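Colleague: To start, I am sharing the structure in question, which I have written as C-alpha cells.
Coordinate-derived values only; no laboratory data. Every value quoted in this text rests on a predicted model; they were computed, and no experiment measured them. Cβ: placed from backbone, ideal geometry, glycine included. Neighbour counts: every protein chain shown.
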Amino acid sequence: MNIKSLTTATALAATMAFAAPAFAAGVNDWNTDNEAGISSDEFRTGLEDTGAFENWDANDDKMLSQDELNEGLGENNTAFGTRFGEGYYDSWDANDDENIGEDEFYDGVYSSYDADSNKVIEEPEFGDVGDDIGDGGFWDV
Ligand SMILES: [Ca+2]
Ligand SMILES: [Ca+2]
Ligand SMILES: [Ca+2]
Ligand SMILES: [Ca+2]
C-alpha cells in the first residue's frame, strides 16, 4: 500500500467512524416486523445493542444492583431518575429481591417508555427513547 492509498484509507476510516453515531435512533430503525410501533421484543433488541446492561453490570452476575446502576450512570443519574421516576428501581424489581435481572430491566424500561400502557411504543413515546439514546443521553454508554 502506498502513502496515498494509506492516507485515503485512514481518512475513509475516520469518516466512517464519524458517520456512525452511537445510534440513528429513528422509530424505523428499531421496527423490524411489519407491525406499527415498537414491540417489547424490538425494544429489547434495540436496547441490548447499546450494551448498557452489560456495561453497568460490574460483577457480571446478570443483575443490576442499585449501586451498579448508580455507578454506571454516574452524572446521568439525575436524568435517569427524572425520566423514569424516583421509584423506578423498586417498580422494575418485580420479584422484590433488591436486584434487577435482565428481564426485569428490559420489561421495566419498556413499560416506563410506554406512557399509555398499550404494549406498543409508538411516536411520540419513541421520541423520548431517541433522545435518551442519542449522543449524551444516558443509553449512550
Ligand atoms: Ca414493530
Ligand atoms: Ca451485577
Ligand atoms: Ca429482581
Ligand atoms: Ca404506547
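Colleague: Going through the stretch 91-141, which GluC sites (Glu not before Pro) have at most 16 other Cβ atoms within 10 Å and a DSSP loop state?
Modeller: Answer in residue order: Glu98, Glu122.
Colleague: Mind listing the long-range amide H neighbours of Gly101? Cut-off is under 5 Å, sequence gap 5 or more, other chains count too, H placed in the peptide plane at 1.01 Å from N.
Modeller: Leu64
Colleague: Could you state the principal axis extents of the C-alpha atoms in the stretch 20-133, from the largest down, to the nearest angstrom?
Modeller: Largest to smallest, the principal-axis extents are 37, 32, 24 Å.
Colleague: Follow-up question, since we're still on this one. Provide the per-residue ³J(HN,Hα) series for the stretch 95-111, in order, calculated from phi with Karplus coefficients 6.51, -1.76, 1.60 and θ = phi - 60°, each as a whole number of Hz, with x at glycine and proline positions.
Modeller: Result, ordered by residue: 9, 6, 9, 6, 8, 10, x, 4, 5, 4, 4, 5, 5, x, 5, 4, 5 Hz.
Colleague: For a quick protection proxy, order the peptides 130-139, 110-119, 49-58 by their average other-Cβ count within 10 Å, most packed first.
Modeller: 130-139, 49-58, 110-119
Colleague: Within 10 Å of each residue's Cβ, count the other Cβ atoms and sort Leu64, Leu73, Leu47 from fewest upward.
Modeller: With the sparsest Cβ surroundings first, the list reads Leu73, Leu47, Leu64.
Colleague: Work out the charge dipole of the stretch 42-103 with +1 on the Cβ of Lys and Arg and -1 on the Cβ of Asp and Glu about the Cα centre, then indicate which of Asn99, Ser65, Ala52 is farthest towards its positive end.
Modeller: Farthest towards the positive end: Ala52.
Colleague: Multiply the residue separation of Glu71 and Asn118 by 0.36 nm, subtract the distance between their alpha-carbon atoms, and state the gained length in nm to one decimal.
Modeller: Extra length from Glu71 to Asn118 when fully extended: 13.7 nm.
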